[in-house]
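Chemist: First, the structure itself, so that you have it in front of you.
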Amino acid sequence: MADLTSTFVGIKSPNPFWLASAPPTDKEYNVRRAFEAGWGGVVWKTLGSEGPPVVNVNGPRYGAIFGADRRLLGLNNIELITDRPLQTNLREIKAVKRDYPDRAVVVSLMVPCEEDAWKAILPVVEETGADGVELNFGCPHGMAERGMGSAVGQVPEYIEMVTRWCKQNTRMPVIVKLTPNITDIRKPAEAAKRGGADAVSLINTINSITSVDLDAMSPEPMIDGKGTHGGYCGPAVKPIAMNMVAEIARNAETADVPISGIGGITTWRDAAEFMALGAGNVQVCTAAMTYGFKVVQEMISGLSQWMDEKGYESTADFVGKATPNVTDWQYLNLNHVTKAVINQDDCIKCGRCYAACEDTSHQAILMSEDRVFTVDDSECVACNLCVNVCPVENCITMKTLEKGEVDERTGEKVGDYSNWTEHPNNPAVVAAE
Amino acid sequence: MPNSQFTPGIASGRLSDTELKENFADLHAPLEAHEALVAADRCYFCHDAPCMTACPSSIDIPLFIRQIATGTPEAAAQTIFDQNILGGMCARVCPTETLCEEVCVRETAEGKPVEIGRLQRYATDTVMESGKHPYTRADATGKKVAVVGAGPAGLSAAHRLAMKGHDVTVYDARKKAGGLNEFGIAAYKSVDSFAEREVEWLLKIGGITLETGKALGKDFTLASLQDEFDAVFLGMGLGGVNALRAEGEDKSGVADAVDFISELRQSNDLSSLSVGRNVVVIGGGMTAVDAAVQSKLLGAQNVTIAYRRDKGAMGASQYEQELATAKGVRILYNAAPKKVIGNGAVEGVEFEYTTTEGGKLKGTGETVTLEADQVFKAIGQTLSGAPEELAMDGGKIAVSEVGATSVTGIWAGGDCASGGDDLTVTAVAEGRDAAEDIHSYLMGGA
């Protein structure tokens, strides 16, 4: 049986599944339920400075997009940090950590961009017995208008400065949570490292408008006829998040910075993918908000089964295993030739591959009078669109041509590995003399 | 409730009003909005979709389902009505299991097709219940067209012709329009006077005069129509019923299934309808199933459909056969009627078992007698009183692909015309196509 225990920046948890700082971790009641359900840790919903707490809107806080059968694919929110008094949260954090010493309890923080503000809050958090802090430099709505959240996260110098203040004022591990609302995710990660961060976590939510009410002519969620951009999360953001995780993991400057992966993780497989790209553990929110805390049980059993099947004894065995295979386009093998193959036994003859290829691609799928769909290798560029639009999994696959085989499209034999940097069409290539 | 299922002979009131009401409720409840969205989500929007090809009226099914999925059932209905103005009835009575749904790729994938029929009903009901009629007439052409028969073919033709700007007069021998939609379909497939409401809705286009109670050959002739109108469309269906050709079929208690179905459909009080304790229905088509199932639902104790060929040859689909058996009807295959037994009134029917050898049906010599106090004949209908001027083909009016008969200016469609499969949806398509051809003919010289 695989060992799922996780140690992330020195913080131990029985599994790598933490709940992200968000509404599910705003209260003792919720967090206790989460721990009872099996979550390995939580990042407590972001605390602000002592004093009157922030207020939230009293209309809808969430907007969503859906897939077939109203499956929630993307969620956005305009909720702010915790709107409960600081002392209440601190008291509850202490009680929970006392009762669940084996679980990770990290506290998310967002206070004004002044050293005194950070100096004030860190000791009171430390006093709860919490395992670490996460600096919320990510929230893109509301708090950013007040110079916090993503307003800090978008300026690498601020990240470095605040991270340094925190490291100087606490013995707790400091995790810096990054905003994806930036052009190059490596810059804030590098800044966090320069500031002394123990780890980065990403992604926070993405600026978004999920829908427009076409009667009221207002974005959703709509508050009295108006809306504002909210933070987007859920399964829809996973590809964006994974790319950002991979970019940091393969960047020489930040390759040694532990990463807590966040963004649309819904199943064990999602978690394994993030971890393969370099995340030491993962944080989950939307899946729990959609299905309840029990989803973690599938994540635990699934990851455990997969690790057993693969012979991985601990999560460290596969963390970052896919990172070396994330490369630049220019290094991809241009002599790797594949062709689509349609399995006629599995084909249900919907013709979607044909419509996609004929209308929008390379006219490489042929349709017979009796609806038999076949691939014309002399036209197929192996774009994979047919695979992606086919409703039957594995009905269309890509066959790799062996070296020496002739590509019917080009008439040329498949050769050895060769990439763009060596290609004759590349103006940057200097002919070897 | 004066009687029960055990009352001998032919009797009314075998079941309570509550039971009757339950038995004759909508066979398939309409989809709720949420159910419709879930069902619509399953459609793959196939290329050159097999369902569309299988639909005799060529409705663009993937498009209308996508229109439902995106919250515009009105647009979906328009897609349906453009091809099939009786899409509401077809959604209820089409044997979708042998048409669109049979070839649905999700039937192939999972053995569970997209519920095309119910989705079509959802879309068409949305528009029809709003009371709006989505079509307007083109400028008046001054041309007059006579339509004989206010069934699916005639109504479809009349609507399309009126839309093109022609003035249409529809004649029907019965007192009420609708044809088999009104008189020939099981009550549980068309509840709440749907056929009648559909005709009213269809006529809202204007330009159609309905003349009921007027029959071809009695109140007017083909020649008189040719004199009075610029074109004629014949869609009077099949008025005759095939004979059993078994000894003793004139005994009392032996009736035509179509009459029983019609009487039931027109009844306002099901408890006043009589049905036998032991009912035998002879035949293998939809009419046989409709008559048998409704006999059972009225309270007959034992109902048997006797069909002379085997299960696979039966005209009624597998689905219809299962519906019958689920309602408690027994289906006896390979049994050909030989003799109706009884002294004045029917007491039983003697059948001979059959077998098929070399493609030919033959009796085995072994017989079986079923007890019966009521026998319904459902062995097919025939065209009666076809105008002599018209060429015939296999007992029906010979027509071209677009419904033109051998006489210029006269078209025919639906069950009375050659070709087709005697389905409502086919009749609608034939009426529509003939109307288009009539329009070309009428406007060709202009």
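Chemist: Going from most exposed to least, what order do A:Arg71, B:Arg118 have by accessible area with a 1.4 Å probe?
Modeler: Descending order: A:Arg71, B:Arg118.
Chemist: Could you tell me the center-to-center distance, by alpha carbons, between segment B:183-213 and segment A:377-421 in angstrom?
Modeler: What the calculation gives is 58 Å, centre to centre.
Chemist: Here is a further query. What is the distance in Å between the Cα centres of segment A:164-239 and segment B:41-83?
Modeler: If you average the Cα positions of each part, the centres end up 42 Å apart.
Chemist: About its Cα centre, what dipole magnitude does chain A give when the only charges are +1 on Lys and Arg Cβ and -1 on Asp and Glu Cβ, stated in debye to the nearest 20?
Modeler: Result for chain A is approximately 1520 debye, rounded to the nearest 20.
Chemist: I've got another one for you. Which of the GluC sites (Glu not before Pro) across segment B:386-434 are loop residues per DSSP, with 16 or fewer other Cβ within 10 Å?
Modeler: Sparse-neighbourhood loop GluC sites (Glu not before Pro): B:Glu388, B:Glu389, B:Glu401.
Chemist: Between helix B:257-266 and chain B, what is the angle of the helix's C-alpha long axis to the longest principal axis, kept within 0 to 90° and rounded to the nearest 10?
Modeler: Once rounded, one gets 60 degrees.
Chemist: Determine the equivalent ellipsoid of segment A:144-257 by diagonalising the alpha-carbon gyration tensor, then write out the semi-axes as square roots of 5 times the eigenvalues, largest first, rounded to whole Å.
Modeler: 31, 17, 10
Chemist: Could you please state, rounded to a whole Å, how far the C-alpha centre of segment B:370-392 is from the C-alpha centre of segment B:272-347?
Modeler: What the calculation gives is 17 Å, centre to centre.
Chemist: Looking only at other chains, what is the average number of their beta-carbon atoms within 10 angstrom of each beta-carbon in B:103-112?
Modeler: Other-chain Cβ atoms within 10 Å of each residue's Cβ, averaged: 3.
Chemist: Just how large is the dipole of the protein assembly as shown about the Cα centre, in debye to the nearest 20, putting +1 at every Lys and Arg Cβ and -1 at every Asp and Glu Cβ?
Modeler: That gives a dipole near 1840 debye.
Chemist: Provide the FRET efficiency to the nearest 0.05 for the A:Glu402-A:Arg194 pair, computing r from the beta carbons and using R0 = 45 Å.
Modeler: Here the calculated transfer efficiency is 0.40.
Chemist: So what does A:Trp39 come to for accessible area, using a 1.4 Å probe and Å² rounded to 10?
Modeler: Probe radius 1.4 Å; accessible area of A:Trp39 about 0 Å².
Chemist: A further question follows. By how many nm would the segment from B:Asp269 to B:Ser252 lengthen if fully extended, with 0.36 nm per residue of separation less the alpha-carbon distance?
Modeler: 3.8 nm
Chemist: Work from the charge dipole of chain A (Cβ charges, +1 for Lys and Arg, -1 for Asp and Glu, about the Cα centre) and give the residue of A:Phe373, A:Phe318, A:Thr205 farthest towards its positive end.
Modeler: Sorting the options by dipole projection puts first A:Thr205.
Chemist: How much length would be gained if the chain were fully extended between A:Gln87 and A:Asp69, taking 0.36 nm per residue of separation minus their Cα-Cα distance, in nm to one decimal?
Modeler: Additional length available on full extension: 2.2 nm.
Chemist: Take peptide A:357-370, look around each residue's Cβ out to 10 angstrom, count Cβ atoms belonging to other protein chains, and average those counts.
Modeler: Values: counts 0, 1, 1, 0, 0, 0, 0, 0, 1, 0, 2, 0, 0, 0.
Partner Cβ neighbours, averaged per residue: 0.
Chemist: Could you rank the peptides B:177-184, A:51-58, B:23-30 by their average count of other C-beta atoms within 10 Å per residue, with the highest value first?
Modeler: Result, highest mean Cβ count within 10 Å first: B:177-184, B:23-30, A:51-58.
Chemist: Next up: Using a 10 Å cut-off on Cβ atoms, rank the peptides A:158-170, A:273-285, B:261-273 from the highest mean neighbour count down.
Modeler: Per-residue Cβ counts within 10 Å, averaged per peptide and sorted highest first, yield A:273-285, A:158-170, B:261-273.
Chemist: Right, another one. Mind listing, in residue-number order, the residues in segment A:60-96 that have at least 40 Å² less accessible area with every protein chain present than in their own chain alone (1.4 Å probe)?
Modeler: Listed in order, they are A:Asp69.
Chemist: Subtracting the Cα-Cα distance from 0.36 nm times the residue separation, let me have the gained length for B:Ala215 to B:Asp192 in nm, one decimal.
Modeler: Residue separation times 0.36 nm, minus the Cα-Cα distance, leaves 5.5 nm.
Chemist: Here's another thing I want to ask about it. Just for the protein assembly as shown, what percent of DSSP beta bridges are antiparallel, to the closest 5? List each step's numbers first, then the result.
Modeler: Numbers: 51 of 116 bridges.
Roughly 45 percent of the DSSP beta bridges within the protein assembly as shown come out antiparallel.
Chemist: Another question about this same structure. So for chain B, taking the charge dipole from beta-carbon charges (+1 Lys/Arg, -1 Asp/Glu), which of B:Ala292, B:Ala398, B:Ala215 sits furthest toward the positive end?
Modeler: B:Ala292
Chemist: Residues of segment A:292-334 with the amide nitrogen closer than 13 Å to a label point 7 Å from the Cα of A:Glu36, along Cα-to-Cβ, please.
Modeler: Under 13 Å, as judged by backbone N against the label point of A:Glu36, lie A:293-294 of segment A:292-334.
Chemist: Any idea of B:Thr369's accessible area? Nearest 10 Å², probe 1.4 Å.
Modeler: 80 Å²
Chemist: Using a 1.4 angstrom probe on the protein heavy atoms only, line up B:Tyr319, B:Tyr441, B:Tyr307 by accessible area, largest first.
Modeler: Details: B:Tyr319 80, B:Tyr441 100, B:Tyr307 30 Å².
Largest accessible area first, the residues go B:Tyr441, B:Tyr319, B:Tyr307.
Chemist: Follow-up. To the nearest 20 debye, what charge dipole does segment B:357-431 have about its Cα centre, counting +1 at the Cβ of each Lys and Arg and -1 at the Cβ of each Asp and Glu? Could you put the intermediate results ahead of the total?
Modeler: Details: 4 positive and 12 negative charges, 25 e Å.
Using only the charged Cβ atoms, the result is roughly 120 debye.
Chemist: Once both labels are modelled 7 Å past Cα along the beta-carbon direction, what's the A:Lys226-A:Lys321 spacing in nm?
Modeler: According to this spin-label approximation, the distance is 5.2 nm.
Chemist: Please determine, in degrees from 0 to 90 and to the nearest 10, the orientation of helix B:152-163 with respect to the longest principal axis defined by the Cα atoms of chain B, where the helix direction is its Cα long axis.
Modeler: On a 0 to 90 degree scale, this one is about 10.
Chemist: Also: If you take the beta carbon distance between A:Asp359 and A:Asn426 as r and set R0 to 30 Å, what does 1/(1 + (r/R0)^6) give as a FRET efficiency, to the nearest 0.05? Show your work: numbers first, answer last.
Modeler: Numbers: r = 32 Å, r/R0 = 1.06.
Calculated transfer efficiency: 0.40.
Chemist: Now, a different point. What residue among B:Gly284, B:Gly13, B:Gly213 has the largest mean-square fluctuation in a Gaussian network model of chain B, using Cα springs under 10 Å?
Modeler: Result: B:Gly213 has the largest fluctuation of those listed.
Chemist: In a GNM of chain B with a 10 Å cut-off on Cα contacts, which of B:Ala77, B:Ala291, B:Ala40 has the highest mean-square fluctuation?
Modeler: The residue with the greatest mean-square fluctuation here is B:Ala40.
Chemist: Moving on to the next point. What accessible area per residue comes out for segment B:241-377, rounded to a whole number of Å², with a 1.4 Å probe?
Modeler: 43 Å²
Chemist: Here's something else I'd like to know. Check which residues have an amide H placed less than 5 Å from B:Phe233's amide H, if you skip close sequence neighbours.
Modeler: B:Ala146, B:Val147, B:Val148, B:Trp411
Chemist: Something else: Roll a 1.4 angstrom probe over the protein heavy atoms and tell me the percent of accessible area of the protein assembly as shown that is carbon or sulfur.
Modeler: The C+S portion of the solvent-accessible surface of the protein assembly as shown is 49 percent.
Chemist: Based on the Cβ-Cβ distance from B:Thr70 to B:Ala313, what FRET efficiency comes out when R0 is 51 Å, to the nearest 0.05?
Modeler: With R0 = 51 Å, the Cβ-Cβ based efficiency is 0.75.
Chemist: Please arrange B:Glu350, A:Glu412 by accessible surface area, largest first, computed with a 1.4 Å probe and ligands excluded.
Modeler: A:Glu412, B:Glu350
Chemist: To test your reading of the geometry: what angle, between 0 and 90 degrees and rounded to tens, separates the Cα axis of helix B:116-129 from the longest principal axis of chain B?
Modeler: 60 degrees
Chemist: Okay, moving on. Under 5 Å between amide hydrogens, which residues at least 5 positions from B:Leu210 or on another chain qualify, with H placed 1.01 Å from N in the peptide plane?
Modeler: The answer is B:Val170.
Chemist: Follow-up question, since we're still on this one. Among A:Trp18, A:Trp44, A:Trp420, which one shows the highest mean-square fluctuation when chain A is modelled as a Gaussian network with alpha-carbon springs under 10 Å?
Modeler: In this elastic network of chain A, the residue with the biggest mean-square fluctuation among A:Trp18, A:Trp44, A:Trp420 is A:Trp420.
Chemist: Could I have the simple spin-label model distance between A:Asp370 and A:Gln297, label points 7 Å from Cα toward Cβ, reported in nm to one decimal?
Modeler: Modelled inter-label distance: 5.0 nm.
Chemist: Distance in nm between label sites at B:Glu32 and B:Asp82, each 7 Å beyond Cα in the beta-carbon direction?
Modeler: Taking the two extended label points, one gets 3.2 nm.
Chemist: In addition: Roughly how large is the B-A contact in terms of buried accessible area, totalled over both chains, probe 1.4 Å, nearest 100 Å²?
Modeler: So the total buried area for this chain pair works out to about 1000 Å².
Chemist: In addition: Just counting partner chain Cβ atoms within 10 Å, what average do the residues of peptide B:46-58 show around their Cβ? Don't skip to the end; give the middle numbers.
Modeler: Values: counts 9, 14, 7, 2, 5, 0, 0, 1, 0, 0, 0, 0, 0.
Averaged over the peptide's residues, the number is 3.
Chemist: Rolling a 1.4 angstrom probe over the protein chains, ignoring ligands and nucleic acids, what is the accessible area of B:Glu97 in square angstrom, nearest 10?
Modeler: So the heavy atoms of B:Glu97 present about 50 Å² to solvent.
Chemist: Rank B:Gly87, B:Cys416, A:Trp118 by how far each Cα sits towards the positive end of the charge dipole of the protein assembly as shown (+1 on Lys, Arg Cβ; -1 on Asp, Glu Cβ) and give me just the farthest.
Modeler: Result: A:Trp118.
Chemist: Next up: Quick one: which of A:Lys238/A:Lys294; A:Lys349/B:Lys360; A:Lys294/A:Lys399 span more than 28 angstrom between C-alpha atoms?
Modeler: A:Lys349/B:Lys360; A:Lys294/A:Lys399
The values are calculated or read from the model by the stated rules, or taken from the named source; none is laboratory data. This one's a predicted model, so the numbers in the text were calculated from it and none came from an experiment. Reconstructed Cβ throughout: ideal geometry from the backbone, glycine too, with neighbour counts over all protein chains shown. In case anyone asks, the SASA skips ligands and DNA or RNA and just uses the protein heavy atoms, side chains included. Shrake-Rupley method; radii C 1.70, N 1.55, O 1.52, S 1.80 Å.
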